[in-house]
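None of the figures in this text is laboratory data; all of them are computed from the coordinates on show. Since the model is a prediction, treat every value here as computed from it, not as a measurement. We place every Cβ from the backbone using ideal geometry, glycine too, and count neighbours over all the protein chains shown.
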Amino acid sequence: MKAIQFTSPKEITVVDLDEPLRPEPGEALVRTHRMGICGTDLACYLGKFPFFAYPRTPGHELGLEVVAVADDVTNVKPGDKCSLEPYVNDPQSTTSQSGSPNCCPGVQVVGVHNNGGLRKGIFAVPARKLHAGNDLTYDQLALVETLAIGYHAVQRGNPQPGETVLVIGAGPIGLACLEFLKLMEVKTIVMDMVQSRLDFCQKHLGIHHAIAFNADGSHLAELETITGGQLANVVIDATGNPHSMSTCFDYAAFTGRVVYVGITTADLTFPHATVFHRREITLLASRNAMPDDFDKIIQLIREGKINTSLWITHRIDFDDVPSEFEKFTDPALGAIKAIIEVNESL
């Protein structure tokens, strides 16, 4: 089958991969209909993602069709439309057994640690990682994983009714956080350097407070004005930018929580005595998402509480990936979420 492969940084090749003849125990054979392009895919393409090795086929935000299942599989059946939970953990590890399969030490992310779903034919995945949503579109199912990352980050911050939550970075992960915060009884503020992203948050997500980051530091005064000088109880940094991740403690209230959901390979430094210690701030990491998050998000989409159609701003066909993928690395394009149409939907 034809597949897209990142063969080295900024180099894309169409290759031929073998198709499995039948599913092994615990497996399902699936076909990709839609793939979302996420920041991880762009970083892998550019050679900037820490867990990616070449050559590799990307694709972990997937809307899939189940083609066949092993005899011992009961959670899905042929013909089901599914979202993929791409974090393949070891169920027997201590971390998984303690309820945190998202950060199992041996976790392998489909499309990052091994070949992903940007291919025309069928391939095998652990059936336990499939979440059916037969009344959703493949577009919607391809966005569930992005939303799950945001949902898990919000849960890590654990905002309480009446608290203020600041989301830094209005890219797809930041937007995913905002989707769930707007369903909660909290004051939500978004900060970004790009005004068009802030406009999107206000127009489409109903986020009233949007702050433009300024190099002169005036954005801090604006945050103080909005919060009456109290700053944010929860700060979620979705930028992956080391400067932002080192300075975001300035926005946290006394006893506030800071959540890193963005990823950087850089070492981070931040003021300890004057800010972190003085305010008794809690720093939290947020990695991947939990299995139950996928089913919850599918239900929220089903109920109309999340409108994924607002997210999709660009589309390309599978055959156009080698020539057009590069353009999505340019922020000036203004893409919120791009979808690759891998196979035609019936």
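Would you mind ranking 247, 95 so that the residue whose beta carbon has the fewest other beta carbons within 10 Å leads the list? Write out the running numbers ahead of the final one.
Numbers: 247 19, 95 16.
Going from least to most buried by this count: 95, 247.
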Those GluC sites (Glu not before Pro) in the range 242-346 that DSSP places in a loop and that have at most 10 other beta carbons within 10 Å = 280, 303, 344
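Which shape class, rounded, prolate or oblate, goes with the range 1-60 when its Cα gyration tensor gives a ≥ b ≥ c as root eigenvalues, a/c under 1.5 marks rounded, and past that a/b bigger than b/c marks prolate?
Numbers: a/c = 2.12, a/b = 1.77, b/c = 1.20.
The shape class here is prolate.
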Counting only residues 5 or more apart in sequence or on a different chain, those whose built amide H sits under 5 Å from that of residue 47 are 10
Two-site FRET efficiency, residue 51 against residue 324, from Cβ-Cβ distance with R₀ of 30 Å, rounded to 0.05 | 0.75
To the nearest Å, what is the center-to-center distance of the range 244-317 and the range 129-195, using C-alpha atoms only?
-> 9 Å
List the trypsin sites (Lys or Arg not before Pro) within the range 251-332 that fall in a DSSP loop (any state other than H, G, I, E or B) and whose Cβ has at most 13 other Cβ atoms within 10 Å.
-> 278, 305
With θ set to phi - 60°, apply the Karplus curve 6.51 cos²θ - 1.76 cosθ + 1.60 along the range 77-82 and write out the HN-Hα couplings as whole Hz, x wherever there is a Gly or Pro.
-> 9, x, x, 5, 9, 9
Label assignment, log10 I(q)/I(0) by the Debye sum over Cα atoms at q = 0.09, 0.12 Å⁻¹ derived from the structure, set (i) -0.48, -0.86; (ii) -0.72, -1.08; (iii) -0.40, -0.75 = (i)
In the chain, what % of DSSP beta bridges are antiparallel (nearest 5)?
-> 55 percent
Count neighbours as other Cβ atoms within 10 Å of each site's Cβ, and list the chymotrypsin sites (Phe, Trp or Tyr not before Pro) in the range 29-115 that are DSSP loop with at most 14 such neighbours.
-> 51
Which ³J(HN,Hα) values, rounded to whole Hz and listed in residue order, are derived for the range 132-147 from phi using the Karplus coefficients 6.51, -1.76 and 1.60 in 6.51 cos²θ - 1.76 cosθ + 1.60 with θ = phi - 60°, glycine and proline given as x?
-> 6, x, 5, 8, 9, 7, 5, 4, 4, 5, 5, 8, 4, 5, 4, 4
